[in-house]
1. Separation between the Q280 and D262 pseudo-spin-labels, each 7 Å from Cα along Cα→Cβ, expressed in nm?
2. Which whole-number value in Å² is the accessible area per residue of the stretch 310-414, probe 1.4 Å?
3. Ranked highest first by the average count of other Cβ atoms within 10 Å around their residues, in what order do 344-351, 712-719, 38-45, 400-407 fall?
4. Of all accessible surface on the chain at a 1.4 Å probe, what whole percent is carbon and sulfur?
5. What are the residues whose amide H is under 5 Å from the amide H of V687, where those residues sit 5 or more places off or on another chain and H is modelled from the backbone?
6. Quick check on packing: order 392-399, 221-228 by the mean number of other C-beta atoms within 10 Å, highest mean leading.
7. Please report the antiparallel percentage of DSSP beta bridges with both residues in the chain, rounded to the nearest 5.
8. Can you give the relative contact order of the chain as a percent, counting alpha carbon pairs under 8 Å and 6+ residues apart?
Amino acid sequence: MSHWGMYEAEAANGEVTAVHPYPGDADPSAILGNLPGSVRHRSRITGPAVRRGWLENGPGPSSARGSDEFVAVSWDELTGLLAGELRRVVDTHGNRAIFGGSYGWSSPGRFHHAQSQVHRFLKMLGGYTRSVHSYSLGATGVIMPRVVGTHWKLFARSTNWDVIARETDLMVCFGGVPLKNTAVNDGGTSNHPTRDALDRLRARGGRIVSISPLRDDLHGDAERLAPRPGTDVAIMLALAYVLATEDLADRAFLDRYCTGYDKFEDYLLGRTDGIPKTPQWAADLSGLPAATLTDLARRMAAGRTLVTVTWSLQRVRHGEQAPWAGVTLAAMLGQIGVPGGGFGHGYGSMNEPGLAPVPYPLPTLFQGQNPIDEAIPVAAISDLLLRPGEQYDFDGQRRTFPDIRLVYWAGGNPFHHHQDLGRLKRALARPDTIVVHDPYWTPMAKHADIVVPSTTSFEREDLSCTRNDPLLVAMHAATPRYAQARDDYDTFTALAHRLGFGPQFTENRTARQWIEHLYEQWRGFVLADGGGAPAFEEFWHRGHVRMRTEDDLTLFQDFREDPDTYPLRTPSGRIEIFSADIDGFGYDDCAGHPTWYEPEEWLGGARAQQFPLHLIANQPRTRLHSQLDHGATSQASKIHGREPLRMHPEAAATRGLDAGDIVRVFNDRGACLAGVVLDDGLRPDVVQLSTGAWYDPLDPSDPNSMCVHGNPNVLTPDVRTSSLARGCTGQHVLVEIERFDGELPPIRAYDPPVVRAR
Ligand SMILES: Nc1nc2c(c(=O)[nH]1)N[C@H]1C(S)=C(S)[C@@H](COP(=O)(O)OP(=O)(O)OC[C@H]3O[C@@H](n4cnc5c(=O)[nH]c(N)nc54)[C@H](O)[C@@H]3O)O[C@H]1N2
Ligand SMILES: Nc1nc2c(c(=O)[nH]1)N[C@H]1C(S)=C(S)[C@@H](COP(=O)(O)OP(=O)(O)OC[C@H]3O[C@@H](n4cnc5c(=O)[nH]c(N)nc54)[C@H](O)[C@@H]3O)O[C@H]1N2
Ligand SMILES: [Mo]
């Protein structure tokens, strides 16, 4: 199992040679092609290593991180050094000085899940400063619980694809429904039904409107509107304006199921700020014709309409507003809780939305409590390290950044996920010690002081399952462990023994015994539910078990049928179009109702004079984030080894560029190289460069150095959505592009650093 699909692996001589998708998968992902050759790839970490400067001078701030050489040490030495350093930090600075948020996707598997392992270990060590929310859903995770009482149910209990295919007349998709993203599901997936569901909807006569700067955010037949990026909230407000002023809004629904519509309407109609949010007002901001918006609003009110918003729309400045305005628009249509109508968030962002949930808890490694109550919003990592002691606003609280001495990362790559990588590099020079577990010499591993080589899923056994997939899968090992790599569990076990809590950590179980234990725990839930599940040995032999699923769900159907018995978990129990709590925080960047705010990185502002192209830094089609960027599918898309950048032929022509050229993409934060792909499916003022090319600075000792490979996060701003959610805003950035005529620097991203014997 991988995050991008279920497979059967073939292996020889310690390497995976082929993978075959699960035959039950309707639309397997090409990303599977990255797996063969990944076990023994040259970028694997062969053994434990310590940065020379750290080993010789001891812990302390260092700007040599990322360019220093390493010294190979034995496992025993590594365990001693790491246990000693953890002890020192805890004894001198307290557990709060350990940042163990360790954000990242690592690999699927319910037991060898790096986050679960590292958090369980650090909790038993006495706790750590954690991170809350995600890069995926930084804004949604804070705003939606306040508006509809949940954020995860929006995906896990979303309206099912079968219901949409059967019932929806008009699907209005902000951000499209990009099939490339449905390849992926956190924890794995056994089927990819989205393509088929959209085809069935259309075959029935349903219509799809895709609102996105990129044509291929929706496959096949659809009406396409390509607004200026970042103007979706203005468009939603204009649609709402038409509903409100043409007597098309469902007042009965707004009265019964919502609170605060009147306050929002005062803003919508311009009573509070003198600016009616008319189609013409939105046309000036978005570039879409006013008549098109008016017509669309009328069509939305005429039939069964589903409003969908991709997660990308909240990974921008003021990202709280798009999902909030989207729900408000759907509420005005009055179809929330009606099969095939209402609101959806994340169709085409992840495979999960639209899939039927399983009705019982999944097997889960118990992590225990964190004795330290200290957390940062996840995307504040650079702020945390650069601004200890400083105060900041977050979700109605005033907080202070703690003073971090040790950073512990297992299963994530901040040089993939964070913005303004030059600033991140300066931030990572600050702590005394950085520990990284990873199978590969990622840029983050190269910035570590203590490097811990992990196994990949191919080298160990595990169980996989997710909350919206019918299969619980036995993950059999395909190859022996590579070189000196160890399971994260074994590393933490050895450390726990040194630190005096070995038996508590292991509960005297081997990895296999843990897997069996988790399986039996889960089997108890299934049997109690009246379902069937074989004993462990039989399950392991068979390879998977099928679970019951809750089919044909409609999001918020119970709330609609009986709002008094099934209220939302909001202060009012209703949909909060106006939130008194948010209003009470008094933030100037997040008011009490959905509001249009002008972003900094957009084509309508002053900054576009200097950097006239809007770069969309979206998820890559050819891989998951930075994982296996050296795999065949990812490599096949590169141009002279650089990440492909799509641009409109006109934008290329004005700059004297052609397909296959290498360009320098730059702004005042940094620069990277990329390879030009021409595509008239983009707006001429929009370019697209996905995330995930491994950060490859020309001069690894210089935080301002150009990335020669094409990582867009050297360009993106390290600013938060707003004072409310403080989410990641990495999706959008303004840039300029010019031909790169110099000698093409080699790609060194996948080369290991210098590792010397002692
Ligand atoms: N500009 C911009 N930036 C973005 C985004 C964007 O839209 N635009 N999107 C953001 C989003 S939504 C996300 S979720 C993040 C993703 O950011 P990350 O989750 O940090 O990215 P990954 O590349 O998946 O990193 C996972 C790491 O875990 C390692 N790994 C795999 N298996 C194991 C294991 O068993 N043990 C250990 N120890 N390690 C393992 C992999 O080798 C890899 O280095 O990126 C964010 N960054
Ligand atoms: N293949 C693949 N799939 C993935 C991932 C991956 O790395 N690879 N990562 C997974 C993860 S962790 C997550 S969180 C999800 C993220 O899911 P999303 O955040 O939804 O994914 P993105 O591809 O970043 O963005 C989706 C589309 O939104 C469009 N878009 C960008 N800005 C705007 C805008 O201002 N207005 C409009 N209307 N559209 C805009 C872009 O054209 C883009 O293609 O994807 C998941 N799926
Ligand atoms: Mo994500």
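1. 3.0 nm
2. Values: 2630 Å² over 105 residues.
Counting only protein heavy atoms, the per-residue value for the stretch 310-414 is 25 Å².
3. Numbers: 344-351: 27.1, 712-719: 25.0, 38-45: 19.2, 400-407: 21.1.
In decreasing order of mean packing, 344-351, 712-719, 38-45, 400-407 become 344-351, 712-719, 400-407, 38-45.
4. Details: 12080 of 25630 Å².
Ligands and nucleic acids excluded, carbon and sulfur give 47 percent.
5. When sequence neighbours closer than 5 places are left aside, the close amide H contacts are H614, L615, I616.
6. Numbers: 392-399: 15.5, 221-228: 18.1.
The peptides rank, most packed first, as 221-228, 392-399.
7. Details: 42 of 88 bridges.
So the antiparallel bridges in the chain amount to around 50 percent.
8. On the way: 1817 pairs, mean separation 159.7, N = 758.
RCO, the chain: 21 percent.
The values are calculated or read from the model by the stated rules, or taken from the named source; none is laboratory data. Note that the coordinates shown come from a computational prediction; the quantities given were computed from them, not determined experimentally. Don't worry about glycine lacking a Cβ; one is built from the backbone with ideal geometry, like all the others, and counts go over all protein chains shown. Side chains included, ligands, DNA and RNA excluded: accessible areas come from the protein's heavy atoms. Shrake-Rupley method; radii C 1.70, N 1.55, O 1.52, S 1.80 Å.
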